[in-house]
1. When Lys and Arg each count +1 and Asp and Glu each count -1, what net charge do the other residues less than 14 Å away from Ala145, Cβ to Cβ, add up to?
2. If exposed GluC sites (Glu not before Pro) are those in a DSSP loop with at most 13 other Cβ within 10 Å, what is the longest stretch of the chain that has none?
3. Cβ under 14 Å from Ser194's Cβ, Ser194 left aside: what net charge do those residues give with Lys, Arg +1 and Asp, Glu -1?
4. May I ask you to give the solvent-accessible area per residue for the chain, in square angstrom, as obtained with a 1.4 angstrom probe?
5. Determine the gain in length on full extension of the stretch Thr48-Ala81; use 0.36 nm per residue of separation and subtract their C-alpha separation, reporting nm with one decimal.
Amino acid sequence: LPIFAVRNPSGATSNSLPFEVTAGAVQITALSPPSAAAGGAQFTLTVTGSGFTSGAEVLWNQSPLASTPLGATSIQAVVPAGLIAQAGTASVAVRNPSGATSNSIQFLIEGGPRITSLIPASAAAGGPQFTLTVLGSGFNPASIAGSSVVRWNGVALQTTYISASEVRAVVPPGLIEQPTTSSITVDNTGRAVSNAVPFP
């Protein structure tokens, strides 16, 4: 620590006192990604802010994660899949070895899409093109990451977002040429896939 004292022109010197230089406040400003789909895979979370020191660690609901500081303004941590198994929110903070802890930012764990019904529920083999209405929950518009796409046996269909509980897809006649049962799902663009509903 730096030591300070006062000396008069006569040469008389005061007692000395240490001056402690402390680290600035720890603060986080952003998370990347800011959210993840429930049931998703392990991923790396990047936390941006200020005041991070060597040995800092990311806290997930107050529990430390395996962390790698990248400097005073950035730190990365591995988030295991088990921590995002269920929809909800998690509190993210950064703690320096000194014990100084940042503010917390909420990390969103998004519930995946779910299909409850199809309209129509079936079609005649050899019929014309039609619009399939998919009702359920957790559907996303095209304007955000994880937009919802209706899939027919895994093949993406031209999809129109109506609301969080309704999407519509165009089914070409080539998909219903022969009698069979197909599988309908909604894929939030790689983030989460719904339950599968049969379409005879």
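1. Around Ala145, the charge tally is -1.
2. The longest uninterrupted stretch comes out as 21-176.
3. With Lys, Arg at +1 and Asp, Glu at -1, the net is 0.
4. Accessible surface, normalised per residue, equals 54 Å².
5. 9.7 nm
The values are calculated or read from the model by the stated rules, or taken from the named source; none is laboratory data. All values derive from a computational prediction rather than experimental measurement. So basically every Cβ, Gly included, is an ideal-geometry build from the backbone, and we count neighbours across all protein chains shown. Areas reflect the complete protein model, heavy atoms only, side chains present, ligands, DNA and RNA absent. Shrake-Rupley method; radii C 1.70, N 1.55, O 1.52, S 1.80 Å.
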